[in-house]
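The values are calculated or read from the model by the stated rules, or taken from the named source; none is laboratory data. Nothing here was measured: the structure is a model prediction, and the numbers come from that model. Heads up, the Cβs are rebuilt from the backbone with ideal geometry, glycines too, and the neighbour counts pull from every protein chain shown.
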């Protein structure tokens, strides 16, 4: 076996062994990644990149995957996922896989090779303790899985000397495309050679047609017999007069010469329809939505947003899962997992985005700082309520407004003299206790600032009054008398602030909640 055969991994065939039949030259071309389509065009992965649609598909998929954040999460026993920004390999995966490229460039290269060649490879460079130190992309044309003495390895000639190096599978990130053996992904270009060949043939035909002055080809006929020298001179003259800058100029025929058209005009050959069909066929091969390829013929204002979501679900997600699982099993492991963050790609217009955030905020799912993070704004301090989660105090079952129809389990927390006619009020104290606890903590952290305590407690006191009014009368409109009571309760709370201490915060909050409730209950319920 020669050096070329060894480096390319081509097995030498023996004439003396009948179990190994001789193959035609096309087999060698195929082993070198070359093949001729039925359209007569030589096709391989590099040649296919000349097709704008296919190159656009590769760019769209690889760049979309690369520019989404690759984040590491700690999976807790209860199923919760916590962002692990301090993980040892966070920088390796999220920021800079190796000293020569950023994460976006590295993951873009892996994605481009996986989509365009059917396999994306990267060498995991480890230190003496087998800890990953760098991720180096490997060219798929120089790397492939092999078996050496029954052992599964990866062979690559992407070395300093060009000699074959064998890598342990645990040291290679391998992202295959469609695969029938689970080991090697098939090349979409080789499998669908005629699709790419027809596209290139149509493009070549169009280029030659316009290079020929947008005229169909034909035959010049001379009535006599020409000597070889005369024939060559005539051929040269016609070429100079009919092509290039002279393509549109009229030609003067002499000696009885005539012109006969023999090729089919582009309109009769359905040239544009062929090119359009090839565009959609190649897009289907890459599972890329047509509107991303600048074809908006079937896109409308009503469906283009859903088409973009389908791009994430059906095009990007399968690739993302393959990458994530490969990283998880060869680099992270244990309770840590890597995931792509598609949140930025799933954002709608600003009005839809803020409406969604408002729902999450109103149901206690997001805190103020989480909402600010979603819209790329700076957080506020926890003392000012940045981490506080709130819910609508008046969100109760509608049956609570009907006397005798709803008796909450927490009704025992209300004074016994509230009576059965006040069903639903028992939920007020538990609902507001955490709000007052938060205001107490913020006030203590501010050193007992009475003015700050008024600003911190008045919204909670006001909200409790409105909730009681809604339960009692069906609306939360405040009268002057109730506003005065709200100010009085806020002032009473502020007057007691200097005596508060942090260890007693929960007790203080419970006492204030009951104090404010009793004051309003006496005024409103009676």
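Residues in the range 164-182 that are assigned to a loop (DSSP other than H, G, I, E, B) and loosely packed, with under 14 Cβ neighbours inside 10 Å: 168, 178, 179, 180, 181, 182. Of all residues in the range 318-340, those being touching a strand residue (DSSP E or B) at 6+ places or on another chain (Cβ under 8 Å) and exposed (fewer than 15 other Cβ atoms within 10 Å of the Cβ) number 1.
Of the residues contained in the range 452-465, one or more are found to be modelled with pLDDT under 85, in a helix (DSSP H, G or I) and more than 24 Å from residue 367 (Cβ to Cβ). With respect to being over 30 Å from residue 171 (Cβ atoms), loosely packed, with under 14 Cβ neighbours inside 10 Å and touching a helix residue (DSSP H, G or I) at 6+ places or on another chain (Cβ under 7 Å), residue 279 falls outside the description. Residues that are over 50 Å from the mean Cα position of the chain (by Cα), surrounded by fewer than 12 Cβ atoms within 10 Å (Cβ to Cβ) and within 19 Å of residue 452 (Cβ to Cβ) within the range 489-526 comprise 495, 498, 499, listed in sequence order. Of all residues in the range 303-349, exactly one satisfies the criterion of being touching a residue at least 60 places away in the same chain (Cβ under 8 Å), assigned to a helix (DSSP H, G or I) and out of contact with any helix residue (DSSP H, G or I) (no Cβ under 9 Å at 6 or more places or on another chain), namely 326.
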